[in-house]
Amino acid sequence: QRYCRDVYRGHLASVHSAARNQELQNLARTYTRCAPWIGAVTSCQAGQWKSYWEDSSPWNFANWAPTHPFHFVTTCTTLSTRDGRWRSRICFQLRPFICQY
């Protein structure tokens, strides 16, 4: 997120529709086989687990893989280039990422 903000003056991508999810999956697939970061974070807030977008846009779409998101530690989210599903990952992993600006 910091790199997107500091270098591109943007944010990690937020996804608000199945069409946009597919578009980003196809884009990522042209550059890498590794699932890139998108801008969704899941954390415990006031005793409840919630997912939200880093850019503060509304949470109005989700495409989680089965058993995701995880609800035991704050996680960031990857977009699978294989199936387009989202998966919770520990935020400190080095991965490709998709910025929007």
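Points to keep in mind about this one:
- Loop-located trypsin sites (Lys or Arg not before Pro) in the stretch 26-89, at most 12 other Cβ atoms within 10 Å (DSSP): Arg33, Arg82
- Inter-part distance where the stretch 56-80 and the stretch 3-19 are each reduced to a Cα centre, Å: 15 Å
- Across q = 0.16, 0.22 Å⁻¹, the stretch 55-101 modelled as identical point scatterers on its alpha-carbon atoms has Debye log10 I(q)/I(0) values of -0.50, -0.96, in the order of the q list.
- Across the options Asn26, Phe72, Ser14, the greatest Cα extent toward the positive end of the charge dipole of the stretch 6-88 (unit charges at beta carbon of Lys, Arg, Asp, Glu) belongs to Asn26.
- Of all DSSP beta bridges in the stretch 1-92, antiparallel share, percent nearest 5: 95 percent
- Put a plus charge on the Cβ of each Lys and Arg, a minus charge on the Cβ of each Asp and Glu, and nothing anywhere else: the dipole of the chain about its Cα centre is then about 220 debye.
- On the beta carbon distance between Arg33 and Arg5, with R0 = 22 Å, the FRET formula returns roughly 0.25.
- Protection proxy ranking, peptides 12-18, 40-46, average beta carbon neighbours within 10 Å, highest first: 12-18, 40-46
Any read-out appearing in this document is the output of simple, stated calculations on the displayed coordinates, not a laboratory observation. A quick note: this is a predicted structure, and the numbers were derived from the prediction, not measured. Note: ideal-geometry Cβ built from the backbone for every residue, glycine included; neighbour counts use all protein chains shown.
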